[in-house]
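Notes follow the structure.
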Amino acid sequence: MLNDKILQELHDFVETNREIRIYDIHKEEPFLDEKIYSSELEEFIEQHQSASFSERLFQHIDATGQTDDFIYKKAGIDRKHFSKIRSIPEYKPSKRTVVALCLSLELSEQETEDLLSAAGFSLSGNDRFDLVIQFCFEKKIYDIDDVNQALYSLKLKPL
């Protein structure tokens, strides 16, 4: 259970690190030049594509020495959902699922950012949920129940 001091630090952290970003939706972005050939695109993708989410996830699980079922149970994920992650290489779980897995693996902030990125997500400085998660990783709060308590204290949906 999180004490009042940690909860106050969380509230202060969220308020001081919140960024407001404004985008011009009327600004036209340039399209790719039609001279780019598909072979160049394929070559670029081949050279720059990194490991998939599931590859990275299972590397982290192997590095912990824990079993798959220990990790997914600790993350609060059911066996069927975890099986989908394992058996479908291109499967992309929700951001909340990835965060829960990062917590269960007790990853560092950088490892968490990398795994989220592999799934197509990031933690932003203008979203209260993301700020709570960043705070928890910074304070090394990995227990899902404690993280959910922190989220609930700000009236946010738990993991």
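Quick grid of which residues meet (1) farther than 22 Å from Asp127 by Cβ; (2) at pLDDT 75 or above; (3) of a type in the set (Lys, Arg):
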| residue | (1), (2), (3) |
| --- | --- |
| Asn3 | yes, yes, no |
| Asp12 | no, yes, no |
| Arg18 | no, no, yes |
| Lys27 | yes, no, yes |
| Asp78 | yes, yes, no |
| Ser83 | yes, yes, no |
| Ile88 | yes, yes, no |
| Leu101 | no, yes, no |
| Leu107 | no, yes, no |
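Six or more apart or on different chains, Cβ under 7 Å: which pairs go from a residue in the stretch 97-108 that's among the acidic types (Asp, Glu) to one that's open to solvent by 10 Å² or more (accessible area, probe 1.4 Å) and part of a loop (DSSP other than H, G, I, E, B)? Could you list them?
Every condition considered, the pairs that remain are Glu106/Tyr142.
So for the stretch 139-150 (the condition being farther than 29 Å from Met1 by Cα, open to solvent by less than 60 Å² (accessible area, probe 1.4 Å) and touching a residue at least 24 places away in the same chain (Cβ under 8 Å)), does at least one residue qualify?
The answer is no; no qualifying residue exists.
Which one of Leu103, Leu116 is closer than 15 Å to Glu55 by Cα and under 11 Å from the mean Cα position of the chain (by Cα)?
Answer to the check: Leu116.
Taking helices (runs of 4 or more DSSP H) that do not extend beyond the stretch 35-93, which have at least 1 residues that are touching a residue at least 60 places away in the same chain (Cβ under 8 Å)? Outline the logic, then answer.
Working: elements: 38-48, 53-64, 68-74, 79-87.
The helices (runs of 4 or more DSSP H) meeting that bar are 53-64, 68-74.
The values are calculated or read from the model by the stated rules, or taken from the named source; none is laboratory data. Small disclaimer: the values here were computed from a predicted structure and weren't measured. When we count neighbours, we look across all protein chains shown, and the Cβ atoms used for this are built from the backbone with ideal geometry, even at glycine. Just so you know, the surface numbers come from the protein's heavy atoms only, side chains and all, with ligands and any DNA or RNA stripped out. Shrake-Rupley method; radii C 1.70, N 1.55, O 1.52, S 1.80 Å.
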